[in-house]
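For reference, the structure discussed in these notes is given below.
The values are calculated or read from the model by the stated rules, or taken from the named source; none is laboratory data. Since we're looking at a predicted model, the values are computed, not measured. Positions of Cβ are generated from backbone atoms using ideal geometry, with glycine treated the same way; all protein chains shown enter the neighbour counts.
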Amino acid sequence: MSHSAPPKRVALVSGGIGGLGTEICRQLARAGRRVIALDLASREERVAAFHAETADFDDDIAFEPADVSDFDSCQQLIARIEQQHGNVDILVNAAGITRDASLRKMTPQQWHELMQVNLDGVFNMCRNAIEGMTERGFGRIVNISSVNGQTGQFGQTNYCAAKAGVHGFSMALARETARKGVTVNTVSPGYCDTPMVAAVSADIRAQIVAGIPVGRLGSPADIARAVVFLSADDAGYITGANLPVNGGYFMSF
Ligand SMILES: NC(=O)c1ccc[n+]([C@@H]2O[C@H](COP(=O)([O-])OP(=O)(O)OC[C@H]3O[C@@H](n4cnc5c(N)ncnc54)[C@H](O)[C@@H]3O)[C@@H](O)[C@H]2O)c1
């Protein structure tokens, strides 16, 4: 008697060609998911590099251009992906930007641009994926927040507000969908070794590392591991949770 393998679950990863997103895509593919990285088409060089870095995965990692800040295009994109690739069972929202300035210098544009990506982007993606998940009775949503959303950070009122907001959003959606087989959680990375943190000056980076009990920056693999864990088929009893992955930098319960 031969058993044909069940179709692979489709996982969307917004910000999928970024420092964390790329490794999240790889680890999800290794975990048996069919992954579609969503990111800005305007980042042509990075898109090309992403294709090269994920070439070994053949059809298990694809790229689709997307701007998560645009509701209508997210709606069209998810509808098209569901036709072409199958139902979206896993959604990882990792797209994010910074627009740092102390509040007394922050412009409304810096505030709004950040909210449109980091918070509206989560709404735009979840809003368009949630109905299919609840109808089918299965879904895993993992939203990438940040330790700075838990502690606050100088020069980041916009970023911290959005990241704390992402967790509030996740807890509320977790309640709305808990009976439908859909879990919604956040992962809050600490400081990771990615271009976002490489942009910080060397002496500030040394100060940051000195404050991390584990004694190093996080790696993209450290974060991806948490995403794979929360998006597993058998992770159905974990919902509305925040999983900090910060090397002990901020401990709480
Ligand atoms: N790197 C860290 O130390 C760290 C720490 C805590 C939280 N985070 C969060 O993790 C997530 C990933 O960060 P990263 O370090 O990989 O940064 P990154 O800049 O490498 O990746 C972010 C990705 O989001 C994409 N993006 C930006 N605007 C978009 C839009 N409108 N539509 C679609 N994609 C868009 C970018 O093109 C980029 O590829 C972000 O949400 C970030 O806030 C990162």
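Some observations on this one:
- Total residues in segment 6-51, condition within 17 Å of LEU77 (Cα to Cα), touching a residue at least 60 places away in the same chain (Cβ under 8 Å) and in a loop (DSSP other than H, G, I, E, B): 2
- Of residues in segment 174-223 being among the hydrophobic types (A, V, I, L, M, F, W, C), closer than 30 Å to GLY137 by Cβ and within 13 Å of the ligand (Cβ to nearest atom), the one surrounded by the fewest Cβ atoms within 10 Å (Cβ to Cβ): VAL187
- Residues of segment 76-100 that are surrounded by fewer than 16 Cβ atoms within 10 Å (Cβ to Cβ), assigned to a helix (DSSP H, G or I) and not acidic (Asp, Glu): GLN76, ALA79, ARG80, GLN83, GLN84.
- A search for C-beta distances below 8 Å between a residue of segment 92-107 that is acidic (Asp, Glu) and any residue that is modelled with pLDDT of 95 or more, counting only pairs 6+ apart in sequence or on different chains, returns ASP100/GLY155; ASP100/GLN156; ASP100/TYR159.
- Filter result for ASP58 (buried (at least 21 other Cβ atoms within 10 Å of the Cβ), of a type in the set (Asp, Glu) and not in a loop (DSSP other than H, G, I, E, B)): no
- Segment 149-173, residues that are surrounded by 22 or more Cβ atoms within 10 Å (Cβ to Cβ), within 12 Å of the ligand (Cβ to nearest atom) and part of a helix (DSSP H, G or I): GLY149, ASN158, TYR159, ALA162, LYS163, VAL166
- Residue list for segment 93-122, filter: near the ligand (Cβ under 10 Å from one of its atoms) and closer than 21 Å to VAL227 by Cβ: ASN93, ALA94, ALA95, GLY96, ILE97, THR98, VAL117, ASN118, GLY121, VAL122
- Residue pairs whose Cβ atoms lie under 7 Å apart, sitting 6 or more positions apart in sequence or on different chains, and linking a residue in segment 65-87 that is without any contact (Cβ under 8 Å) to a residue 40 or more places away in the chain to a partner that is in a loop (DSSP other than H, G, I, E, B) and loosely packed, with under 13 Cβ neighbours inside 10 Å, are PRO65/ALA41.
- Residues satisfying the stated conditions in segment 108-122, i.e. closer than 9 Å to ASN158 by Cβ and within 12 Å of the chain's Cα centre (by Cα): ASN118
- Residue match in segment 44-65 (condition: small (Gly, Ala, Ser) and near the ligand (Cβ under 10 Å from one of its atoms)): no
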